[in-house]
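> What follows is a structure written as structure tokens; I'll ask about it next.
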Amino acid sequence: QVQLVESGGGLVQPGGSLRLFCAASRITFRLYTMAWFRQATGKQRELVAQITTGGSIIYADSVKGRFTISRDNAKDTVMLQMNSLKPEDTAAYYCRAVRGRDDYWGQGTQVTVSS
């Protein structure tokens with residue numbers, strides 16, 4: 001079945017950086033809009049960043065200028081470079097692949113920003 005596997009999460013100090021990866025399998029990756037969502041404890045899941053098949057990108061206001069989403073269609077991978085991390089960025093980060101009615105989610109990777 002379709003798999004989205006996130007990696008790259010961990011514990012980082014405020015101001016630090018992390019790079020998340022999401023590797024997709026069993027989908028024609030280049031045809032899917034890819035996105036990163038996050039969910040903090042006790043809060044709703046929210047969109048962090050999205051990149052379409054044509055490379056159009058949107059970011060949540062809270063991460064603009066700090067996070068960068070990119071995709072590598074040759075490697076079926078979407079990345080999220082996170083800089084200048086803040087404690088409020090602490091959350092489980094999820095990868096999502098969407099194409100029409102096809103909608104897949106990964107299992108998530110935890111990011112904790114703390115001193």
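The values are calculated or read from the model by the stated rules, or taken from the named source; none is laboratory data. Note that this is a predicted model, so its numbers are computed, not measured. So basically every Cβ, Gly included, is an ideal-geometry build from the backbone, and we count neighbours across all protein chains shown. Areas reflect the complete protein model, heavy atoms only, side chains present, ligands, DNA and RNA absent. Shrake-Rupley method; radii C 1.70, N 1.55, O 1.52, S 1.80 Å.
> Grab the other residues whose beta carbon is less than 10 angstrom from that of ASP89, score K and R as +1, D and E as -1, and report the net.
That works out to +2.
> Could I have the simple spin-label model distance between ARG66 and ARG101, label points 7 Å from Cα toward Cβ, reported in nm to one decimal?
With each label placed 7 Å out from Cα toward Cβ, I get 3.9 nm.
> Taking the Cα centre of the range 11-65 as origin and charging only Cβ (+1 Lys, Arg; -1 Asp, Glu), how large is the dipole, in debye to the nearest 20?
Values: 7 positive and 2 negative charges, 30 e Å.
Dipole size: approximately 140 debye.
> Any idea of the accessible area per residue across the chain, 1.4 Å probe, to the nearest Å²?
Per-residue value: 55 Å².
> Next question, about the same structure. How much FRET efficiency would the formula 1/(1 + (r/R0)^6) give for ILE57 and THR112, where r is the Cβ-Cβ distance and R0 is 30 Å, rounded to 0.05?
Rounded to the nearest 0.05, the efficiency is 0.70.
> Suppose a student asked you for the relative contact order of the chain, using Cα pairs under 8 Å spaced at least 6 residues apart; what percent would you report? Working shown, then result.
Details: 276 pairs, mean separation 41.7, N = 115.
After rounding, I find 36 percent.
> Run the quick spin-label model on GLN44 and LEU11: label points 7 Å from Cα toward the beta carbon, then report their separation in nm to one decimal.
Taking the two extended label points, one gets 3.2 nm.
> What does the charge add up to near GLN39, with Lys and Arg as +1, Asp and Glu as -1, over the other residues with Cβ less than 11 Å from its Cβ? Write out the running numbers ahead of the final one.
Details: positive: ARG38, LYS43, ARG45; negative: GLU46.
Net local charge, GLN39 excluded: +2.
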